[in-house]
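Engineer: I'd like to ask you about the structure that follows.
Just so it is clear, none of the values below were taken in a lab; they were calculated from the coordinates. Fair warning: this is a prediction, and the values are worked out from it, not measured in the lab. As a convention, Cβ positions derive from the backbone with ideal geometry for all residues, glycine included, and neighbour counts pool all protein chains shown.
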C-alpha cells in the first residue's frame, strides 16, 4: 500500500512538472509567437502603409510587453525610407491607477525615427498616417493610454526629388504626455499636458512645444506654445537652393508661436525672426548672373526690412480661423513686417496669450 501511494505521488509530481514545463514553453516560446503574429497581422491591414515587427518580449508579471524593431513603410516602394522606425516600444499597465479601479497604461517609444517626405505625387510622399493607425494601436494595447513618452527621437524632413535633395532633421527629441485619459475616475485634473523638447549639442537649434488640453471638452480646446531658437541658416542652404533658388552666407532663425483653441475656433500668432542675415556673397564667381541677381534682390529686401534698433528681420503673422476653414491674414503680416522694420522691433519673446494650466 505504501508503495502504491508512493507511485501515485511520483506520477502526480511528474505530471505537475510536465505541466509546469509546458507552461514555461508556452510562455517563453509559443505565447510571444502568437502575440508577434497578431501584431504583424494587424499592421498588414493598414491603408497606404505596411508595418513589420521583428520580435516581442513579454513581461506578464508586471503587465507589460516590448515590441522590438517596429517599422512602418509606405506601400508600393515609392518612398525609400520608412515613415516610422522604432528600436523598441514599451507598453505597460499603469498600476498606480489600477488600484483605484482604472485600467489605463503607458506607452514609451525608444529611439523613434520619423521621416516626413515631400514628393511630386501622393505615392512618393509621406506626411501623415491614416486614422487606421490609431485604431491598430488600440488593438495592440486594450487599455486607455494615460501616459505617452518618446526618448531620443529623430525627426527628418526629406525631399528626394528636389535639386539638391533635402534632408533636414532634428535629433535628441523627447516627448512627455500625461493625463491623456478622458476619465474623471483617473484624474481630478481635467487638463492633459504634452511637452516636446530637444537636448541640443553645439550649434544645434533648440525646440520647445507645450500643449495644455482640456480633455473633457468635445471640441478641441487647448493652449499651444512653440519656440524654435538658433537655427543656423547656412545649414539650411540645400532647402533654400531647392525651393528659393538662393543660399545664405550667414544668419540664424528663431520662431515663437502661441495658439489658443476653444469652441471649434482658434487664434494666435507666429513670430519669425532672422538675425545677422546675409544672402549673397559677390566674391563667389561660380554662380550665374541670374542667380546672383535674384540673391541680391532677396538680400536687399532683408536689409530694407531690418530693424535699425535690433538688426533683426521679423514679423508677426496672425493666425485665426476654425478647424474647417484655416485663415492667415497675410496683409496684416506684411503690415507687421513693415512696422518692425521702420517703427519698432518685435520683441523676441512670447506675447503671453496662453496660460500654463499644467498645475491646475
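Engineer: Under the 0.36 nm per residue contour assumption, what length would be gained going from the current alpha-carbon distance of residue 40 and residue 57 to full extension? Please report the intermediate quantities before stating the final value.
Structural biologist: Numbers: separation 17, 0.36 × 17 = 6.12 nm, distance 1.43 nm.
Result: 4.7 nm gained on full extension.
Engineer: Can you tell me the FRET efficiency between residue 121 and residue 156 if r is taken as the Cβ-Cβ distance and R0 is 22 Å, rounded to the nearest 0.05?
Structural biologist: Numbers: r = 19 Å, r/R0 = 0.89.
Computed FRET efficiency for residue 121 and residue 156 comes out at 0.65.
Engineer: Still on this structure: First measure r as the distance between the Cβ atoms of residue 66 and residue 267, then evaluate 1/(1 + (r/R0)^6) with R0 = 51 Å and state the FRET efficiency to the nearest 0.05.
Structural biologist: Working: r = 42 Å, r/R0 = 0.83.
The calculated FRET efficiency here is 0.75.
Engineer: Evaluate the distance, in nm, between pseudo-label points positioned 7 Å from the Cα of residue 190 and of residue 243 along their respective Cα→Cβ axes.
Structural biologist: 3.9
Engineer: For the peptides 214-220, 104-110, 227-233, what is the packing order when you average, over each peptide's residues, the other Cβ atoms within 10 Å and list the highest mean first?
Structural biologist: Working: 214-220: 13.4, 104-110: 19.9, 227-233: 17.4.
Going from most to least packed, we get 104-110, 227-233, 214-220.
Engineer: Let a ≥ b ≥ c be the square roots of the eigenvalues of the Cα gyration tensor of the stretch 200-273; is it rounded (a/c under 1.5), or, if not, prolate (a/b larger than b/c) or oblate? Intermediate results must be reported in sequence, preceding the final value.
Structural biologist: Values: a/c = 3.49, a/b = 2.28, b/c = 1.53.
It comes out prolate by the Cα gyration axes.
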